[in-house]
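Everything below concerns the one structure shown next.
The values are calculated or read from the model by the stated rules, or taken from the named source; none is laboratory data. Treat the numbers as computed from the prediction; the structure is a model and nothing was measured. We place every Cβ from the backbone using ideal geometry, glycine too, and count neighbours over all the protein chains shown.
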Amino acid sequence: MIRRLNRKRAKWLGSKGAADEGSMVIWLVVAIAAAVIVLLFFYGGYDMIKGLFPSKALTMEAAVQVCKNIGPSFTTTLCDNWKAVTIAGGDQLVNCQYPDIQNKMDLSSQLRCGNTTDYKDYGAQYCMTLFKVNKDYTSELRVNGVLCSSLSCEGLGGSSIASNSSCATGSVERTKGFAGVSGSKCCVTA
């Protein structure tokens, strides 16, 4: 009888040990997955993951509503809140300074972003920022009506050099995304 109880107990303990081992493996897999996600987030993988799920561009009406919700007293937010909006069948980045949006916001004066009230100037400045860091920068990118790749290297804050030359230390090399690409490259300080 004791032998039978010991066999049952051993059988029960054996299955309990196997269950504990299985749950340990599951927790180990979950911990490794969490660590990978945290590392991706801190080392730029968030942009890669975000790229897998493209966001849909807003309509002009939705963009106007976003700007109205921000309110006129938050000028920096109005200026630096760039949104992808579908305009004339194509997507472009616009801020609240874009004329179709600004005119519907009931502002007492023109919105001043940076040192300009001209939405295209501010769009070109944002093209420059994106060009320097090469983030979300494509040859088709339009910002506040400005086709970024139509700007010269100098207009994007860089300096043109011959394609067989090297950029100065501290500068990064760009070979596309600016006007006048043939036979030259653009050196920008990031």
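Here are some notes:
- Flag for SER159 being more than 27 Å from THR77 (Cβ to Cβ) and surrounded by 14 or more Cβ atoms within 10 Å (Cβ to Cβ): yes
- Of all residues in region 112-122, none satisfies being at negative phi, in the same structural domain as ASP80 (by TED's automatic domain parsing) and touching a Leu at 6+ places or on another chain (Cβ under 6 Å).
- Some residue of region 106-117 being β-branched (Val, Ile, Thr) and modelled with pLDDT under 90: yes
- Neighbours by Cβ (under 7 Å, 6+ apart or cross-chain): first from region 74-90, hydrophobic (A, V, I, L, M, F, W, C) and at pLDDT 85 or above; second exposed (fewer than 14 other Cβ atoms within 10 Å of the Cβ) and in a helix (DSSP H, G or I): none
- Considering residues of region 118-133 that are out of contact with any Gly (no Cβ under 8 Å at 6 or more places or on another chain) and touching a residue at least 12 places away in the same chain (Cβ under 8 Å) only, the residue surrounded by the fewest Cβ atoms within 10 Å (Cβ to Cβ): VAL133
- Count of residues meeting criterion [closer than 14 Å to MET60 by Cβ and either part of a helix (DSSP H, G or I) or small (Gly, Ala, Ser) (or both)] in region 91-118: 4
- There is at least one residue in region 133-152 that is modelled with pLDDT under 90 and either touching a His at 6+ places or on another chain (Cβ under 8 Å) or not in a loop (DSSP other than H, G, I, E, B) (or both).
- Filtered residues of region 80-99 (kept if surrounded by fewer than 21 Cβ atoms within 10 Å (Cβ to Cβ) and farther than 18 Å from ARG112 by Cβ): LYS83, ALA84, THR86, ILE87, ALA88, GLY89, GLY90, ASP91
- Considering region 178-188, the residues that are part of a loop (DSSP other than H, G, I, E, B) and either in contact with a strand residue (DSSP E or B) (Cβ under 8 Å, 6 or more places away or on another chain) or among the polar types (S, T, N, Q) (or both) include one that is nearest to THR138 (Cα to Cα), namely PHE178.
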